Amino acid sequence: MHMQVVRCIKAFCPDFQPIRQILTGIGATCIEQKKQIDYFFLLPIRTDAPGSRRLKLRVGNDQPRWIYYYDRNQDGSSLVTFQRSEVHDPIIKDILAAALGVETVVHKQREVWRTKHVIFNLDQLHGVGQIFEMELEVEGPNDPGVQADYYRELFRPHLEADIHGSNEDLIAALLKKPNEA
């Protein structure tokens, strides 16, 4: 299975309009708008791998797919390695839910913009709010940290706090009861 690596920047965003203006100005194109539901499954803890591991089933407008990934936070962004596979038999979700358990379900409306090597997601996360996410494809041995820094500075005036972790973490924190915090 093919592994992909991306450098991610993720932050809360109070208003997508200035973000859309910048995206248009740099030649990005809005390629789709879609609703997505991500089912995150419980995974056994592994001590031999740095960062966090996640397995999710993404259901939306297109073919459902499995996404297995792990991430490592560094220098204001995270380096994410992942594998994707289309789901051809939807019963597998029920089987894995029974075997592993579903930890979190994330509902979102996503607007996807793209340039040659960068995907920009403008997400409305149910129960959380608006989130800006940039995924910069890592090709070869070079980490495009300089390019990630460029985009961070370009969008910084329109972003709020950085988000470290996944949407699953945001929903889990939201669902925690005050006496569990």
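Counting only residues that are of a type outside the set (A, V, I, L, M) and modelled with pLDDT under 80, which one in the stretch 42-52 is nearest to Ala98 (Cα to Cα)?
Top of the filtered list is Arg46.
Looking at the stretch 53-65, I want the residues that are within 19 Å of Gln33 (Cα to Cα) and have a partner that is of a type in the set (S, T, N, Q) with Cβ atoms under 9 Å, at least 6 apart or on another chain. Which pairs are those?
Arg58/Gln36; Val59/Gln36; Gly60/Gln36; Asn61/Gln33; Asn61/Gln36; Arg65/Ser85
Filter the stretch 12-66 down to the residues that are touching an Asp or Glu at 6+ places or on another chain (Cβ under 6 Å), under 20 Å from Val112 (Cβ atoms) and in a strand (DSSP E or B) and list them by number.
Those that are touching an Asp or Glu at 6+ places or on another chain (Cβ under 6 Å), under 20 Å from Val112 (Cβ atoms) and in a strand (DSSP E or B): Phe12, Gln33, Lys56, Arg58, Arg65.
Can you tell me how many residues in the stretch 115-156 are within 15 Å of Cys8 (Cβ to Cβ) and either aliphatic (A, V, I, L, M) or at pLDDT 95 or above (or both)?
13
The values are calculated or read from the model by the stated rules, or taken from the named source; none is laboratory data. All of these numbers come straight from a predicted model, not from anything done at the bench. Ideal geometry is used to build each Cβ from the backbone, glycine not excepted, and the neighbour counts take in all protein chains shown.
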